[in-house]
Each structure stands twice: as C-alpha cells, then as structure tokens.
Amino acid sequence: MMGQAPSAEEMEAVARATIDRLPSQFRAHLGDVVLLVDEWADDETLAALGLEHPLDLTGLYHGQPIGEKSSLDSGALPDRIHLYRQAILSEWCETGVRLDDLIAHVTVHEIGHHFGLSDADMHALEEAVG
C-alpha cells in the first residue's frame with residue numbers, strides 16, 4: 001500500500017485478512033469479537049491508560065481474556081479490538097515498515113490480549129500469519 005493513506009475500511013480489510021490467516025484454533029474463538037477501526041483513541045481511553053497523546057496508541061483490546069471469562073458475564077458488551085488509524089499511519093511514516101505488515105502486527109497483538117498470550121507467544125502467532 002503506497003501513495004494515498006488507506007481509509008478505515010481498507011485498514012479493516014487488511015486486519016480481517018490477517019485474522020483469516022490465523023491458525024484455526026485461534027479463529028474459532030474470535031467469532032464474537034468486534035473489530036473496529038477508529039481515527040483516534042478517545043480522551044477517556046487515553047486517560048485510563050495514562051497516555052498523553054492519541055498517537056501513542058495504535059490498538060487496544062477491550063474485554064476479558066478467554067481464560068478469565070465466566071458464564072456470569074452474560075449481558076456484558078462483546079469483546080472489541082480497536083485499531084487507531086491515525087496512530088498506525090504515524091507509526092508507518094516513522095518506521096517505514098510496510099503498512100500491511102504494521103496493521104497485521106497491531107491486529108495480532110490485540111488478538112493476543114484476547115487469548116491472554118505472552119509477548120513471545122504473540123510473536124510466534126505473528127510469524128504464523130506472516
């Protein structure tokens with residue numbers, strides 16, 4: 001992806017293609033997770049994370065990791081993965097990493113939080129979809 005910055009819809013398509021390449025045991029547990037691409041993290045989210053600037057947050061997982069879920073959670077909001085378009089574009093410009101690789105990295109990282117994975121496990125999962 002070069003030239004014009006991709007739209008939120010184009011970023012979502014890359015993120016969904018990344019999810020489609022995940023091993024089946026991961027994909028099987030992502031059916032209820034909502035994927036959202038927002039321009040920026042909102043002030044409330046940034047404050048909750050102790051971040052000063054919206055460009056400091058490229059993605060966020062909202063929900064409980066699978067291992068911590070309980071049947072008492074019914075009625076809770078669905079788990080959500082947020083990708084923040086402007087922060088991803090900023091990181092892309094700063095690092096020169098291929099944009100689709102960066103989107104895939106952020107997506108896998110947030111999915112990793114859904115599964116309660118360690119950073120090493122997330123890296124291995126990222127290699128599996130690469």
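The values are calculated or read from the model by the stated rules, or taken from the named source; none is laboratory data. All values derive from a computational prediction rather than experimental measurement. Because the Cβ atoms are built from the backbone with ideal geometry, glycine has one as well, and the counts that use them run over all protein chains shown. The accessibility values were calculated without ligands, DNA or RNA, using every heavy atom of the protein model including side chains. Shrake-Rupley method; radii C 1.70, N 1.55, O 1.52, S 1.80 Å.
Scan the range 89-105 and tell me whether some residue there is modelled with pLDDT of 95 or more, under 22 Å from ILE19 (Cβ atoms), hydroxyl-bearing (Ser, Thr, Tyr) and not in a strand (DSSP E or B).
No, every residue in the range 89-105 fails to be modelled with pLDDT of 95 or more, under 22 Å from ILE19 (Cβ atoms), hydroxyl-bearing (Ser, Thr, Tyr) and not in a strand (DSSP E or B).
Condition first: under 14 Å from the mean Cα position of the chain (by Cα) and among the hydroxyl-bearing types (Ser, Thr, Tyr). Now tell me which residues in the range 1-32 satisfy that.
Scanning the range 1-32 gives a single hit, THR18.
Return the total of residues in the range 64-79 being open to solvent by less than 80 Å² (accessible area, probe 1.4 Å) and either of a type in the set (D, E, K, R) or at pLDDT 90 or above (or both).
The total comes to 2.
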